[in-house]
Amino acid sequence: MKGLHRLLCCLLAALLLTGCAAGTAEAEAEPDPEAETSSTQYLEAMDTFMFLTAYGSGRDDALEAAVAEIQRLEALFTVGSEDSEISQLNRSGTAVLSEDTAALLERSLEIYESTGGAFDITVYPLMELWGFTTQDYQVPTETEIQTALTLVGADRISWDSVTSTATLGEGQSVDLGGIAKGYTSQTVIDLFREMGVVSAMVSLGGNVQCLGCKPDGSPWRVGIQDPTGTEGSIVAVIEVEDQAVITSGSYERYFTDEATGKTYHHIIDPSTGYPAESGLCSVTVVTSDGTLGDALSTALFIMGLEDGTAYWQAHSDEFQAIFINTEGNLYVTQGLEDVVMADEGYTLLTQ
Ligand code: ADP
Ligand code: MG
């Protein structure tokens, strides 16, 4: 008994020293001899390169389950695959949705409302028109844009939560590409937690989500890519525990029009039909809700610094953000003041 008491005291002291809350529930359990041992899985899914790292004795089973879960979600959401639930909905105009697709559609409609239409999954006809769905890129004519725009507006989707039936407006089609990876990282983190993992980090393209802290009790360090620099260079580092760090950037997917030399990226402003020109080139959202983080990184990019800051001021209990403008200046919301390190400094956004 005395030995056990001593062990518990040591564990408690260790927790107080490191300050990580994630291990609190585990303090009374037997310590995991493999707590600091990790495994990593690499995979390609949802049109991006992913890696998943988990620590502790249950890590390999959890990683195997996570990969299966990612592949299951990919099969439901991918617009490019004919059998996906989303493709069926786009083809038929109406479909009964399974639990995950329903959850994602519901969140997409909520965020459409709260962002004043900046996040709008009905931009798909515009994605097709610009060639982002086939990589057969083209700059459309003004008439083509105006015609495609008549199909855009998520307020025309009807959603019946009792029968789980979605019905699109005439001619509409939807694309979950702006939110699906965030939902997926959130689902993987929830699965890890259920399977007893207390420390993990997943990266699905620009979407990073962490469970707990590192096994030594220190926070995870996530690099924010320099949108104007060479690939892989970093402008800031953020330290987080139990958070998603999700970036949308104009450098992630774009093409250059050879005739004019102008570049066009894949984040479409639903009010104009053109790639958003908001003066920003990257937005990172930090939040405990991966699904929200993904949709908001896209929406805030479209809103720009001024409207994005106002949106944060009204929702600062839900997320924090880092904005980078086309001149390369950083703007950081107040809640991140102590956890963002940037060599060139930044402007703090306050309430
Ligand atoms: P990435 O997929 O590169 O991480 P984002 O999360 O910003 O980047 O999502 C961009 C994707 O979201 C586009 O490829 C497209 O599928 C979709 N999308 C583009 N514009 C919008 C928009 N205004 N609202 C919702 N989804 C959008
Ligand atoms: Mg997004």
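Tally up the residues in segment 120-159 that are more than 9 Å from ligand 1 (Cβ to nearest atom), over 16 Å from ASP269 (Cα atoms) and touching a helix residue (DSSP H, G or I) at 6+ places or on another chain (Cβ under 7 Å), please.
Final tally of qualifying residues: 2.
Conditions (1) within 14 Å of ligand 1 (Cβ to nearest atom); (2) in contact with a Phe, Trp or Tyr (Cβ under 9 Å, 6 or more places away or on another chain); (3) among the basic types (Lys, Arg), marked per residue:
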site	(1), (2), (3)
GLU258	no, no, no
ILE267	yes, yes, no
PRO270	yes, yes, no
GLY279	no, no, no
VAL285	yes, yes, no
SER297	yes, no, no
ALA310	no, no, no
ALA314	no, no, no
ASN325	no, yes, no
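Need a quick list: strands (runs of 3 or more DSSP E) entirely within segment 92-199 having at least 1 residues that are in contact (Cβ under 8 Å) with a residue 60 or more places away in the chain and β-branched (Val, Ile, Thr).
Per the criteria, 94-96, 165-167.
Among THR101, THR78, THR48, which is within 22 Å of GLY171 (Cβ to Cβ), within 14 Å of ligand 1 (Cβ to nearest atom) and either open to solvent by less than 70 Å² (accessible area, probe 1.4 Å) or at pLDDT below 95 (or both)?
Result: THR78 is the single residue among THR101, THR78, THR48 that is within 22 Å of GLY171 (Cβ to Cβ), within 14 Å of ligand 1 (Cβ to nearest atom) and either open to solvent by less than 70 Å² (accessible area, probe 1.4 Å) or at pLDDT below 95 (or both).
Scan segment 200-212 for residues that are in a loop (DSSP other than H, G, I, E, B) and more than 16 Å from ligand 1 (Cβ to nearest atom) and report the count. Reasoning before the result, please.
At the first step, the residues of segment 200-212 found to be in a loop (DSSP other than H, G, I, E, B) are 205-206, 212.
Now narrow it down to the ones that are more than 16 Å from ligand 1 (Cβ to nearest atom): 212.
Counting residues in segment 200-212 that are in a loop (DSSP other than H, G, I, E, B) and more than 16 Å from ligand 1 (Cβ to nearest atom) gives 1.
Within segment 203-212, restricting attention to residues that are out of contact with any Gly (no Cβ under 9 Å at 6 or more places or on another chain) and open to solvent by less than 10 Å² (accessible area, probe 1.4 Å), which residue is nearest to ligand 2 (Cβ to nearest atom)?
CYS210
Kindly list the number of the only condition in (1) over 20 Å from GLN186 (Cβ atoms); (2) open to solvent by 30 Å² or more (accessible area, probe 1.4 Å); (3) touching a Pro at 6+ places or on another chain (Cβ under 7 Å) that fails for TYR55.
(1)
Residue under question is SER185, and the condition is that it be open to solvent by 10 Å² or more (accessible area, probe 1.4 Å) and within 14 Å of ligand 1 (Cβ to nearest atom); does it hold?
No, not satisfied.
The values are calculated or read from the model by the stated rules, or taken from the named source; none is laboratory data. Computed from a prediction, not measured in an experiment: that's the story for all the values here. Quick reminder, even Gly has a Cβ in these numbers, built from the backbone with ideal geometry, and neighbours come from all protein chains shown. For the accessible areas, the whole protein counts, side chains as well, though only heavy atoms, and no ligand, DNA or RNA atoms are used. Shrake-Rupley method; radii C 1.70, N 1.55, O 1.52, S 1.80 Å.
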